[in-house]
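Report on the structure given below.
Values quoted throughout were computed directly from the atomic coordinates according to the rules given, and no laboratory measurement underlies them. Owing to the predicted nature of the structure, the values given are computational and were not obtained by experimental measurement. Cβ atoms come from the backbone with ideal geometry, glycine included; neighbour counts cover every protein chain shown.
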Amino acid sequence: MKFFIDTANLDQIKEAQQLGVLDGVTTNPSLMAKEGITGEENILQHYKDICAITDGHVSAEVIATDFDGMVKEGEALAALNPQIVVKLPMIADGVKACKYFSDKGIKTNVTLVFSAGQALLAAKAGATYVSPFIGRLDDISTDGLNLINEIRLIYDNYGFTTEILAASVRHTMHVIDCAKIGADVMTGPLSAIKGLLKHPLTDIGLEKFLADYKKGNS
Ligand code: E4P
């Protein structure tokens, strides 16, 4: 399973990279705005800065909602760095743009996916990644993990190569549950990744090992 971090915060991306388990980064317009990154030039520079931290894929989302606009923006984003994945919304023009980019060998991530049918369309359009938002489904009392299950089944039935990128991951148990189901990738906050480290028996055990070593070597 690949681990992507879902942030535009450079310090957090560096911390995840230094941990040695980071496979890529996803961003969205809200995450960029949260970091105060505005204006076309600054936004493009920020994507370049992210690509300089990680060797992995970096999803950069288009703002246009029409086919021509998505193609123009997506081509500019893809030209920044081969690591860039053009992130497109799950709307008719987004699916069309996904097919256009996949035919050209440009990597895509179809975002804002909330149903198995939408995921099927993204795969048919040749998406590199599909992003089902599990946390936002949980937020409205719907089972987000069940959507990952459904997409896994459908993709495996037909051998689709589109990678299931479990998005809107909010906490550590989401990561573990997505791994059990067989999501190819998860993207979440740094806290969800670091939460995997924690177990009280690890801390107690280490404390005892070090105390016993000290006793024998003092
Ligand atoms: C996915 O690519 C999105 O950036 C993200 O996972 C959305 O997460 P949220 O629902 O926590 O905002």
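Considering (1) in contact with a helix residue (DSSP H, G or I) (Cβ under 7 Å, 6 or more places away or on another chain); (2) more than 12 Å from the ligand (Cβ to nearest atom), say which one M186 fails and leave the rest.
The failed condition is (2).
Got a number for residues in region 123-161 being small (G, A, S) and within 20 Å of T26 (Cα to Cα)?
Matching residues across region 123-161 total 6.
Examine region 129-147 for a residue that is touching a Pro at 6+ places or on another chain (Cβ under 6 Å) and either more than 13 Å from the ligand (Cβ to nearest atom) or under 21 Å from K2 (Cβ atoms) (or both), and state whether such a residue exists.
yes
Residues of region 48-80 being of a type outside the set (D, E) and over 24 Å from K96 (Cα atoms), which ones?
K48, I50, C51, A52, I53, T54, G56, listed by residue number.
Restricting to region 137-169, and then to whatever is of a type in the set (D, E, K, R) and in contact with a Ser or Thr (Cβ under 9 Å, 6 or more places away or on another chain), can you tell me which residue is nearest to T111 (Cα to Cα)?
Once the filter is applied, the top-ranked residue is E163.
Which one of these does M32 not meet: (1) under 30 Å from L153 (Cα atoms); (2) free of Cβ contacts under 8 Å to residues at least 40 places away in the same chain?
The single condition M32 does not satisfy is (1).
Scanning for something under 21 Å from V130 (Cα atoms) and either touching a strand residue (DSSP E or B) at 6+ places or on another chain (Cβ under 7 Å) or more than 16 Å from the ligand (Cβ to nearest atom) (or both), does region 191-211 turn up at least one residue?
yes
What pairs can you find where one residue is in region 72-83 and over 11 Å from K107 (Cα atoms) and free of Cβ contacts under 8 Å to residues at least 60 places away in the same chain, the other is of a type in the set (K, R) and assigned to a helix (DSSP H, G or I), and their Cβ atoms are less than 8 Å apart, with a gap of 6+ or different chains?
L80/K48; N81/K48
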